[in-house]
Amino acid sequence: MTEASPAPWTATVLTLFPEMFPGPLGASLPGKALQSGLWALETVDIRDFARNKHRTVDDAPFGGGPGMVMRPDVLAAAIDATATGGEDEALIYLSPRGRPLDQARVREMSALRRLVLVCGRFEGVDERVIQARGMQEISIGDYVLSGGEPAAVVLIDACVRLLPGVVGAPEGLVEESFETGLLEYPHYTRPNPWEGREVPEVLLSGHHEKVRLWRREQAEAVTRTRRPDLWRRHGEAPKDKT
Ligand code: 4HQ
C-alpha cells in the first residue's frame, strides 16, 4: 500500500489576474519543485465574488481623489471562501504600507502549511477589510508596483526555495546572504584570466582555511561599505566562533 502524501506547502493567491500565475514560478527551481509536488499553487479570481451583473470589484474613494478602491464586501467574500483562519496559515496583503519583507519572515512563512496572499489593484483595498479579516501587511520594498501580483511572486519564490528538497545542496542555504547577516563574498569561475582580469590568487591555492577567511573578510568589507544598516545589525547579533 502506498500512503497518500499530505498536502504540500501551498500558496493561494487571490487576484483579479489569475493568468499572471504561475508566471516565473513555473520555471527553473520553483517550477521543477511545483511539478514534483513539493509545493502547490492555487489562484482565486476575486471577480468571481462580485455581486452584480457587471461583476464590479471596485468603486470611487469616499472623500474624493484619483483612482478606484477595491470593495471590502467582494474581497471579504473571496477571503471567506478561501482562508481557514487556522494556526498553520497566514493571510497576507501585499502593500507598500506593510512591514518590509526579510529573510527571517520568509523562514517563518515557509514553515507554515499555507499562505493566502491578497493582491490589490487600483489604489488598494478598503481599509476595513484589512482590519476585519486580520490581514498581515507585507511590503517587498519601497517602490510602487501596478499591483500586488509581482510582490506575491517574490514572496512565494523566497519561501519555496527553503522547503525541504527544493534546493539540491541545503548547506548552501546557511552560507548565503541574510542567513549569516552579511552580503555574499564575490564568486569566480573559468576562464582565468578573462579579458586580462585575474581570479584572486588565494582561490587557486587549495588552502581551504585561507579561502574561508578571505571570503569572510570580503563579505564583511562589502557589507560595511554597501549596507551599513546590515553591518550594524550584524555587529549586534550573537556570533558563532568562526
Ligand atoms: N503594491 N510591496 C499597490 C506594491 C507593493 C509593494 C501592491 C502596489 C498593492 C495596491 N506590494 N497595490 N511595494 O507596490 O508589496
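Worth pointing out:
- Top of LEU155, LEU38, LEU204 by mean-square fluctuation, Gaussian network on the chain, Cα under 10 Å: LEU204
- Segment THR2-ASP102, length gained on full extension (0.36 nm per residue, minus Cα span): 32.1 nm
- Pairwise Cα inverse-distance average, inverted: Kirkwood Rh of the chain (Å): 20.8 Å
- Taking other C-beta atoms within 10 angstrom as a stand-in for reagent exposure, LEU34, LEU41 fall in the order LEU41, LEU34, fewest first.
- Using a Förster distance of 35 Å, the FRET efficiency for LEU204-LEU29 (Cβ separation, nearest 0.05): 0.75
- Of the three principal axes defined by the Cα atoms of the stretch 137-242, the extents in descending order read 48, 35, 31 Å.
- Compared with the direct C-alpha span, the chain from ALA111 to GLU236 gains 42.4 nm at full extension, assuming 0.36 nm per residue.
- Annotation: extensible slack from TYR143 through ALA81 equals 19.2 nm (criterion: 0.36 nm per residue apart, minus Cα-Cα distance).
- At R0 = 35 Å, FRET efficiency that the Cβ-Cβ distance of ALA40 and GLU217 yields, to 0.05: 0.25
- Dividing the mean sequence gap of close Cα pairs (under 8 Å, 6+ apart) by how many residues the stretch 123-235 holds gives a relative contact order of 20 percent.
- Percent breakdown of C-alpha pair distances by 10 Å bin, ordered from the shortest bin, for the stretch 41-133: 14, 44, 31, 10, 1
- Taking the Cα centre of the chain as reference, the dipole from Cβ charges on Lys and Arg (+1) and Asp and Glu (-1) amounts to some 280 debye.
Every read-out reported here was derived from the displayed coordinates using simple, explicitly stated rules and does not represent laboratory data. Everything quoted here is computed from the prediction, not taken from an experiment. Ideal geometry is used to build each Cβ from the backbone, glycine not excepted, and the neighbour counts take in all protein chains shown.
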